[in-house]
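The structure appears below as structure tokens.
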Amino acid sequence: MSETKSFRLLNLIKPGLRILPEVVTPEYRVPFKEKICWTAISLFIFLVCCQIPVYGVAVSKSSDPFYWMRVMLASNRGTLMELGISPIITSGWVMQLLAGSRVIDVDHTLKEDQRLFYGAQKLLGLLITVGEAFAYVMSGMYGNPRELGFGTSLLIMAQLFFAGLIAILLDELLQKGYGLGSGISLFIATNICETIVWKALSPTTINTGKGTEFEGAIVEAVRLLIARTDTKQAITEALYRQTAPNLTNLFATLFVFFVVIYFQGFQVNLPCKFHKIRGHRGIYPVRLFYTSNISIIMQTALVSNLYFFSQLLYTRFKSNMLVNLLGQWQDTDGGGETVPVGGLAYYISPPHEFADILRDPSRAFCYILFVLFTCAQCSKMWVEISGSSPRDVAKMLRDRQILFKGRRHGDTSLITVLNMYIPTAAAFGGMCIGVLTIVADFLGAIGSGTGILLAVTIIYQHIENAEREKEQGAMVF
């Protein structure tokens, strides 16, 4: 009964698949050079969309509810990529959750089921895009909806929808084998690296209380060394200036980069052999970061949605007690940014300076507990719903006639061994990712700890993909 009901739910979207735009699966093995070309084209289109402003937007002094998450969501305020990849992440997360909890029954070995599942995910992503575009316009982020008028509001929503459609299709293009990795990871890593490079080398000047300064940490450090006669004072100011990114932030960013790369190599190699081929042995690696960056992506999606709704409610119902418990917000002096100053949103937001930790240690303690708990739980949950649990891996090994050395052939022995490592690696690896995120935030790393972690793991994955292409002989130079 449940199977019939589950499959009927997927079959409901069959008529919709006929009108959904789709990237055709390649009928040949795409050469590595061609993959590089398609990846570069996709990235170029995304970056262009990140620079084209949304037409019809009124000058608005409203705060940015997604200011904290812009880097991780690969979005740019006021441009066509306002929504970034949030609809893609949210739709993928929801569909994986429904499939993992058996609300819908999907057999990924069947091409028809795969087509229906990813078609449903794409349709859900488009619906989320429409919903987010509507929420952005009606919340007043682009100006008062009444002053904008119905036509302009509809035009803004249409632009955001088509930009979201472009992002979904670019991701599908790369996912289906035309490019390297996925569009989600590529766009996130590019956005984060762009932020870090800009904060380090930006030639833009800003007016502070002390005078005009360069925004880029390295550029400003060179200017101070040239302009100041006191070299010691110049170095001190370059290291610790508070008005813009400084060299300490840059060194903290590099430190976290190298630490994450170091931990990427941590894994347990389980010796295995083929049941029917004597003498043929190998290893099955269980990495410390078993779920890679999924735990921090899910945690980021959770926090970004909480921030958005908390800020939206607070602007309209400031006197409501429940709304104040969820979060209290205040505009910064520079404008355009709003920070939490009370409620749940405040206690799960990272302190930006070491002085903030000393000023309110309870906030730092709550933030640490929240990040560690959510990263560990998200990692464990993803193992169960993504098909990488001990039972799923045991089934995959059994189908390939692979068993662990010193163990008898059968599901029970495979699951027993995998249960000793996979759940621990998922939970502990998720906590380690949380710890690295916390350390990066406390050190004041550029781009936030979450952003740096995502960038490093994504770049590492792309390097591994390139190495895999070499081994498979697809790379021809």
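In whole percent, and with a 1.4 Å probe on the protein chains, what portion of the accessible area of region 92-198 is carbon and sulfur?
On the way: 3260 of 4790 Å².
Carbon with sulfur: 68 percent of the solvent-accessible area.
Report the net charge of residues surrounding I89, where surrounding means a beta-carbon distance below 13 angstrom and charges are Lys +1, Arg +1, Asp -1, Glu -1. Write down the numbers at each step before the final one.
Numbers: positive: none; negative: E132, D171.
Net of charged neighbours comes to -2.
Per 0.36 nm of contour for each residue apart, how much would the distance between E22 and L306 grow if the chain were fully extended, relative to their Cα-Cα spacing? Mind showing how you got there, number by number?
Numbers: separation 284, 0.36 × 284 = 102.24 nm, distance 3.21 nm.
So the extension gain works out to 99.0 nm.
Sorted by mean Cβ packing within 10 Å, highest first, what order do the peptides 416-423, 377-384 take? Don't skip to the answer; put the middle values down first.
Details: 416-423: 18.0, 377-384: 21.9.
Going from most to least packed, we get 377-384, 416-423.
Set the Förster radius R0 to 25 Å, insert the Cβ-Cβ distance between D360 and D331 as r into 1/(1 + (r/R0)^6), and round the FRET efficiency to 0.05.
Details: r = 20 Å, r/R0 = 0.79.
Calculated value: 0.80.
Could you let me know the centre-to-centre spacing of region 177-197 and region 113-146, using Cα atoms, in angstrom?
22 Å
Can you give the charge dipole size of region 210-355 about its Cα centre, rounded to the nearest 20 debye, using +1 on the beta carbon of Lys and Arg and -1 on the beta carbon of Asp and Glu? Intermediate values should be presented prior to the final figure.
Values: 12 positive and 9 negative charges, 232 e Å.
Roughly 1120 debye, rounded to the nearest 20.
Take H352, H462 and sort them by solvent-accessible surface of the protein heavy atoms, 1.4 Å probe, largest at the top.
If we order H352, H462 from most to least accessible, we get H352, H462.
Tally Lys and Arg at +1 and Asp and Glu at -1 over the other residues with C-beta under 14 Å from the C-beta of Y346: what net charge comes out?
0
Treating only the Cβ atoms of Lys and Arg (+1) and Asp and Glu (-1) as charged, compute the dipole magnitude of region 65-196 about its Cα centre; round to the nearest 20 debye. Intermediate values should be presented prior to the final figure.
On the way: 8 positive and 10 negative charges, 23 e Å.
Dipole about the Cα centre, nearest 20: 100 debye.
Suppose all protein chains stay in the model; what accessible area per residue would a 1.4 Å probe give for region 115-257, in Å²?
Numbers: 6780 Å² over 143 residues.
Result: 47 Å² of accessible area for each residue.
Within region 240-321, report the trypsin sites (Lys or Arg not before Pro) that DSSP leaves as loop and that have at most 12 other Cβ atoms within 10 Å.
Values: sites: R241, K273, K276, R278, R281, R287, R316, K318; in loops: R241, K276, R278, K318.
Loop-located and lightly packed - K276, R278, K318.
About the Cα centre of the chain, what is the dipole size in debye to 20, counting +1 per Lys and Arg Cβ and -1 per Asp and Glu Cβ, all else neutral? Provide the component values of the computation, followed by the final result.
On the way: 41 positive and 35 negative charges, 321 e Å.
About 1540 debye.
Scan around Y284 for amide H atoms under 5 Å from its own, H built in the peptide plane at 1.01 Å from N, and keep only partners 5 or more places away or cross-chain.
It is L270, C272, by chain and number.
For region 131-170, just say rounded, prolate or oblate: build the C-alpha gyration tensor, square-root its eigenvalues into a ≥ b ≥ c, call rounded for a/c under 1.5, and beyond that prolate if a/b exceeds b/c, oblate if not. Each step should come with its number before you reach the end.
Working: a/c = 3.48, a/b = 2.17, b/c = 1.60.
Prolate.
The values are calculated or read from the model by the stated rules, or taken from the named source; none is laboratory data. A quick note: this is a predicted structure, and the numbers were derived from the prediction, not measured. Cβ atoms come from the backbone with ideal geometry, glycine included; neighbour counts cover every protein chain shown. Surface accessibility is based on the protein's heavy atoms, side chains included, excluding ligands, DNA and RNA. Shrake-Rupley method; radii C 1.70, N 1.55, O 1.52, S 1.80 Å.
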